[in-house]
Amino acid sequence: FQKPEMSTGNISTVNTEFILIGFPGLEGYQHWLTIPFSVMYILAIVGNSLLICIIKLEANLHTPMYTLLCVLAMVDIGLCTSTIPKMLQIFWQKACSISFEGCFTQMFFIHVMSSLESSTLAVMAYDRTRAMSAVNVSSVRPAGFVLIGFPGLDSVQQWLSIPFTIMFIFALAANSIIVFVVKHEQALHTPMYFFLSVLAVVDIGLCTTILPNMLHIFRHNPSFISFEACFIQMFFIYFFTSLESSILVVMAYDRYVAICNPLRYTSILSTAFLGKIFSVFIIRGFILTALIPIFASMLLYCSSNVISHCYCDHMAVAKLACTDITNNSHYGISVAFSILGVDVLFITFTYVMILRVVLKLGSNAARLKAFNTCGSHLFIIMYFYITSLFNFLVYRMGEKVPPHIHVLFAVLYLLVPPVLNPIIYAVKTKEIREAFLKHVLRKKVNPATNIPV
């Protein structure tokens, strides 16, 4: 530990590192403990690595049960690698220092890997339960699925590739520019612009997960996608959607603190707080959304493999199964309300509190500016959540909605936000515009007139 720093009126201690001593009271025997723990570590790494290689190389093992076993092996490698190397160093040196950041990074990975271990075991137990209940059923898994795009619009899908290609190029370019500008402009290294750059990265991931394959469908209608690729795409779609919702929550909270408690803005939205909140949101999104494709992949697909959709949507795929999908449907809607429902309630409460403060402002100009900023933010937020809710509910109770209308909404609720977010959050922001002129167009801006020179 670093020595305490004395200051007038108080004592502050800055810990730059920690000392790990191993097993208290067994310091004299810890040299010998390296032998069994080294053997255990080598066996764990070699054994789990061999398991992954065998499952990957053997086509007959490409089933849910062995996929889960492969995931468990990867988690086990991550878990023992997070702890044992440092532990062996402690045993050999009797005590070992670890930096402040390294200690909490290790702590994070240990808890994440432990939660993933528990989650994988739970899914494996569910897999065995379903296998036992289906003893007399022949499990059939297709080689892949056929995506047909917009049902009933086969003749015009080639023309649809034009607007969707434009949207894709614009979303990639605009969001990439935001990330580039925020990274290179020192004045934008604040929580608000950090959130904006993270949102841009998520938007790039979201549209890249969907659009390339969708454009392939429009060009080569229909399009084949392998069984594994379909469920991988399903996972990334829902994972990025959950992250999009999480970032909108954090951005709403950022605006609340900036407007309602501006003097404590930097102390509340500290680096430590941001690291914790993003870790929680990533873990929440990963665990809840990963189970959606895992459960769907365990269903028996013994009839049609044609998906009436532009991408591997959960319920569009699950409805092809020849077994009961009630549990899948209930879990999907519970995840939607657990993530999107909770997030939209928090955002609504936040903006209500912001509105109360804005209405108390004495200046009409200040009120108008606040309404203009918050209004555009609320528009994109409402669009995202309303269309998301529409997409989830139509599969359950929207039998009268034409299939092509439903698919159109399912596509637009994922693709419109990556296009609109750069316009709503960046183009209308003076600091982003000035940084764009400075770093992208290489033009100087007159601070007095905000006109490029």
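3J(HN,Hα) couplings calculated from phi for the stretch 205-217 with the Karplus curve 6.51 cos²θ - 1.76 cosθ + 1.60 (θ = phi - 60°) are, in sequence order, x, 5, 6, 6, 5, 9, 5, x, 5, 5, 5, 5, 4 Hz; Gly and Pro show x.
Close amide-amide hydrogen proximity is noted between residue 307 and 146, 147, 148, each under 5 Å apart and 5 or more residues distant or on a separate chain (H modeled in the peptide plane; Pro and chain starts excluded).
Each listed q (0.18, 0.19 Å⁻¹) maps to a log10 I(q)/I(0) for the stretch 291-443, found by the Debye formula over equal Cα scatterers with no solvent: -1.12, -1.19.
Counting only heavy atoms of protein chains, what accessible area per residue, in Å², does the chain have with a probe of 1.4 Å?
Ligands and nucleic acids excluded, the figure is 53 Å² per residue.
By the Stokes-Einstein formula, at 0.692 mPa s and 37 °C, the stretch 311-360 with its Kirkwood radius over alpha-carbon pairs has D equal to 244 µm²/s. With a Förster radius of 51 Å applied to the beta-carbon distance between residue 18 and residue 158, the computed FRET efficiency rounds to 0.25. Of the cross-linked pairs 183/369; 183/438; 319/400; 369/428, those separated by over 22 Å at the C-alpha level are 183/369. Counting only protein chain heavy atoms and rolling a 1.4 Å probe, the accessible areas of 192, 251 rank, largest first, as 192, 251.
Let me have the relative contact order for the chain, percent, based on Cα pairs under 8 Å that are six or more residues apart.
Relative contact order for the chain comes out at 17 percent.
Taking the helices alone, the chain has a mean residue ellipticity at 222 nm of -24000 deg cm²/dmol, built from -39,500 (n - 2.57) per DSSP H run of at least 4 residues and averaged over all its residues. Computed over the stretch 269-331, the percent of Cα pairs more than 13 Å apart is 68. Computed from backbone phi, the HN-Hα couplings of the stretch 264-273 come to 9, 4, 5, 6, 6, 8, 7, 4, 4, 5 Hz, rounded to whole numbers (Karplus: 6.51 cos²θ - 1.76 cosθ + 1.60, θ = phi - 60°; Gly and Pro given as x). Reducing the stretch 400-422 and the stretch 284-330 to their Cα centroids gives an inter-centroid distance of 20 Å.
Rg over Rh for the stretch 175-218 works out to 1.18, using Cα positions for both radii and the Kirkwood form for Rh. Near the amide H of residue 313, within less than 5 Å, lie no amide hydrogens of residues on another chain or at least 5 residues away, with H placed in the peptide plane.
Legend: P(r) of the stretch 65-115 from all alpha carbon pair distances, 5 Å bins from 0, whole percents, reading 5, 19, 22, 21, 15, 9, 5, 3, 1. Kirkwood's formula applied to the C-alpha pairs of the stretch 202-282 gives a hydrodynamic radius of 15.3 angstrom. Cα-based radius of gyration for the chain, normalised by 2.2 N^0.38 Å, reads 1.16.
The values are calculated or read from the model by the stated rules, or taken from the named source; none is laboratory data. Computed from a predicted model, the values in this text were never measured in an experiment. Cβ atoms come from the backbone with ideal geometry, glycine included; neighbour counts cover every protein chain shown. Just so you know, the surface numbers come from the protein's heavy atoms only, side chains and all, with ligands and any DNA or RNA stripped out. Shrake-Rupley method; radii C 1.70, N 1.55, O 1.52, S 1.80 Å.
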